[in-house]
Amino acid sequence: MDLERKIPSRAEQLSLEFGPEPRLETPSARAVRPVLFFAILPDPAAAARMAELGRMLRRRYDLTGPAAAAARLHVSVFGVGGETEAGIALARRMGAAVTARAFEMVLTRAVSFRGGQTRPLVLCCSDGAAAALTGLRDALGLASDDLGQAVTWRRPFTPHLTLGHDFGAIPDTVLGDPIRWPARELVLVRSDRGLGHHARLASWPFRPRFDRGP
């Protein structure tokens, strides 16, 4: 994996969409919390490459925390809240209300965010991908407003993909060969936080990337 070291101009203190999830405890030490969120999922090749990158970064910087499995890698877009029948129904209506164009998902940097007990090891998006993801987040937020839901979403949003959590940290690192895949759909995911189980509940395809429609 081709990496280039970049000296950061300042420490990045970025809020996570769902808050830090400590992963260094045993499952019995924390309660399972089913939550729903919208996400962009990588294709298998990109997921495998990111999982390998996570392993390499851990070896290089002596990190000891467990890595996220390739099957659970995702870019979070919007958190809906705890899983209930009403919450799932709301999420399905929100997803159906959003119209977006397909785009290229591009991850260009690896960095450690500041978290709670542990520091998330993440991949950050290119400017173009970040703009597309922010547009999706805003569209979902407006859909929740239109549906009369008091969902807090107007807060700082830094699109990223989490490779895992650790007590240690890595320097801001530019990927010499960015990781890419075509983002063609928005996916509603149920996560059993605390067990690491993800289930795909629904998806909505994006319009073709070069569609000239509105």
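Since every read-out is calculated from the coordinates, none of them should be taken as a lab result. Just so it is clear, the structure is predicted and the values come from calculations on it, not from any experiment. In this analysis, Cβ positions are derived from the backbone assuming ideal geometry, glycine residues included, and neighbour counts consider all displayed protein chains.
First check a/c for the range 33-205, with a ≥ b ≥ c the square roots of the eigenvalues of its C-alpha gyration tensor; if it is under 1.5, answer rounded, and if not, answer prolate when a/b is larger than b/c or oblate otherwise. Judged from the Cα gyration tensor, the range 33-205 comes out prolate (a/c at least 1.5, a/b above b/c). Counted by Cβ distance under 10 Å from V189, the other residues give a net charge of +3, where Lys and Arg count +1 and Asp and Glu count -1. On full extension, the segment bounded by R92 and D43 gains 15.4 nm, given 0.36 nm per residue less the C-alpha separation. Other residues within the sphere of radius under 13 Å centred on the Cβ of L90, judged by their own Cβ, net out at -2 (K and R +1, D and E -1).
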